[in-house]
1. Output yes when any residue across the range 55-67 is over 21 Å from SER222 (Cβ atoms), open to solvent by less than 20 Å² (accessible area, probe 1.4 Å), touching a residue at least 12 places away in the same chain (Cβ under 8 Å) and more than 13 Å from the chain's Cα centre (by Cα), and no when none is.
2. Can you tell me which residue within the range 120-141, out of those that are open to solvent by less than 30 Å² (accessible area, probe 1.4 Å) and part of a loop (DSSP other than H, G, I, E, B), is nearest to THR198 (Cα to Cα)?
3. Being modelled with pLDDT of 95 or more, open to solvent by less than 50 Å² (accessible area, probe 1.4 Å), among the β-branched types (Val, Ile, Thr) and under 19 Å from MET187 (Cβ atoms): is that true of VAL91 here?
Amino acid sequence: MAWMIQAENVRKTYRIGKVDVPALRGVSLAVEKGEFVSIVGPSGSGKSTLFYILGGLTHADSGRVLIDGTDFTALSDSARTRMRKSKIGFVFQKFNLLPTLTAQGNIDIARDIAGKSNGSGDHEYINRITRLLGIDQRLEHRPSELSGGEQQRVALARALVNQPAIVLADEPTGNLDSQNSEIVLKMLRQSNQELGQTVLMITHNPEAATYGDRIIHMRDGSIVPPEKDRQWSLAHE
């Protein structure tokens, strides 16, 4: 079995004033290549902290994260950045679009950062995903001229444009109405099925979670045992 994402006994504690607040209490999980996994939990369950650690955006206090067999936690900051650029696409609840750039510019900058040149095949792929997301007629508009749903769809196109092996989505429908939520979730599912991308989505929405192949529940910094919710996790004592 080929694992794309593995977390082994990951722990993270935040210091707030004089109080230690544990965010992750020894979380272990594994995601297969080409799998779509939803992680569900209430606010404060630790799911967003796990997202940031799996994406290499913050450090765990202890434990390991392996991305496609490489120990992410053992890499230097520069090596971790290179891996993020080459393997991972991020979608956030806040769209994080650059306000001075058009929608097309926001998509193109992801390719520039990754050091990729544009070939004819790339143009065809970009045109395809913008059509599927319904933003192909809005590419010359700046974020302030787009609706919230359109901005999130631009952000998703930006995450997919380099055809990453992994797509990490943190509450991608949290600020969207039902129609735009469905468009975003269907595109995530389509990229997973047609391109073989591994998708890990953080959400508090049980309905959105059903788009995944598997749902993992979190509570109080831990994964809920599989016997309670018919899910599973890897145990690392």
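The values are calculated or read from the model by the stated rules, or taken from the named source; none is laboratory data. Nothing here was measured: the structure is a model prediction, and the numbers come from that model. Here the Cβ positions follow ideal geometry from the backbone for every residue, glycine too, while neighbour counts run over all protein chains shown. Each accessible area value is taken on the protein alone, full model and side chains, heavy atoms only, with ligands, DNA and RNA left out. Shrake-Rupley method; radii C 1.70, N 1.55, O 1.52, S 1.80 Å.
1. yes
2. Ranking the candidates gives LEU133 first.
3. Considered against the rule, which asks whether it is modelled with pLDDT of 95 or more, open to solvent by less than 50 Å² (accessible area, probe 1.4 Å), among the β-branched types (Val, Ile, Thr) and under 19 Å from MET187 (Cβ atoms), VAL91 comes out as no.
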